[in-house]
1. So what's the angle, to the nearest 10 degrees on a 0 to 90 scale, between helix 21-42 and the longest Cα principal axis of the chain?
2. Looking only at Cα atoms, what is the convex hull volume of the chain per residue, in Å³?
3. Tell me, in nm to one decimal, what length is gained between residue 346 and residue 215 on full extension, where the rule is 0.36 nm per residue of separation less the Cα-Cα distance?
4. Relative to the longest principal axis of the chain, what angle (0 to 90°, nearest 10) does the C-alpha long axis of helix 181-209 take?
5. Please give, to one decimal in nm, the separation of the simple spin-label points placed at residue 265 and residue 164, each 7 Å out from Cα toward the Cβ.
6. What is the angle, in °, between the Cα long axis of helix 3-18 and the longest principal axis of the Cα atoms in the chain? Nearest 10 is fine, range 0 to 90.
7. How big is the stretch 186-389 on each of its three principal axes, counting only the C-alpha atoms and giving the largest first in Å?
8. Grab the Cα-Cα distance for residue 363 and residue 391, subtract it from 0.36 nm times how many residues apart they are, and report the gain in nm with one decimal.
């Protein structure tokens, strides 16, 4: 493999592994606010137990997320020096804002959230939960803004020429609110809410199946189910808006997502299929003119296809992009069906009698994670061959000094370290789930629970 492919694989591996954790922390942060808000409103200690338990899980996820995210910043300098120089002013401002306004807010109030029980008042503790949640939300804002600028650049000018060229901000807010940032951010937020909700659903479904902690498992499950149902339905509309934005701003990417080649033909919408890029054919189950209808309200309206773009300015891995995109969409439809079915059974008070459905929820925790990963892969691969759309190609963004052997060696090291971190995370997560919530209703339990409030110690 050449250095470009290895560098892309290395960054894809590290960011995909890191992206397991931020969506969980954002989604779980929302549930923490709801749980503690219920405790503050009702005074019911069940909600206090629920909140204390999930705070420990949140802290574990946050810690691993920070550890896995640091590496990516070094990769910008080691493997992508030309890219870093080109977008340094843009990316630097967004990442600085993320550190100052988001990470500092989240990590600062996290200390109160973890250690503040019995030390600050209930309202102050609830306020810290809200601030931690907002911090995680703001963190996503600046990361998505930086990435969206690469997809749809705006609010900048190019200074210098050739190897010395770089993008310089001329309008900060135009850079922040670039043509794709709001739609993509909303899409990412909702994906994160679903990841957190399905983690809560999975753990509590397992408790119900094992007949453990039923007093808190059932209300926790119901609350998480409401969150999952609302946002799975909302994602359908937000995802459609995001696709419309791609059609407008990155038509080559949309054509790759749908496997559409012929610009003068109506565009079919494939439910699933296989793309033969050499023959420029798609084999699968389709809705004739479905994509044309979704974009223009007309089944016969032509949609610009891949052949409308020069061969060196359009994605080449069309089948992979097509599959990742359809995996994301397919999972989204599955989550809607699953949550609506569960909500209907809950309305009929038959939900917890359906053991087969609870087992599905135990394993469904993987679905939002797979959808989030598949969506990012489709978005990033669909942007190729550009690293900054229409401005800087990926092949020109590499460091000139790094060699393929160096990248391969560091990739292997990262894989070993990240696999060890994953094993550690799963081990500690399993310990906390197996132990379950602590009953804080007695003085002895409160004292025991206070000792265990450090998520990296004890149970």
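All of the numbers you see were taken from the coordinates with simple rules; none came from a lab. Keep in mind the model is a prediction, meaning the values are calculated, not measured. Using ideal geometry, Cβ is built from the backbone for each residue, glycine included, and neighbour counts are taken over all protein chains shown.
1. Computed tilt is about 40 degrees.
2. Considering the Cα atoms of the chain, their hull volume per residue is 154 Å³.
3. Between residue 346 and residue 215, full extension yields an extra 45.5 nm.
4. 40
5. Computed distance between label sites residue 265 and residue 164 equals 5.0 nm.
6. Once rounded, one gets 20 degrees.
7. 62, 33, 27
8. 5.8 nm
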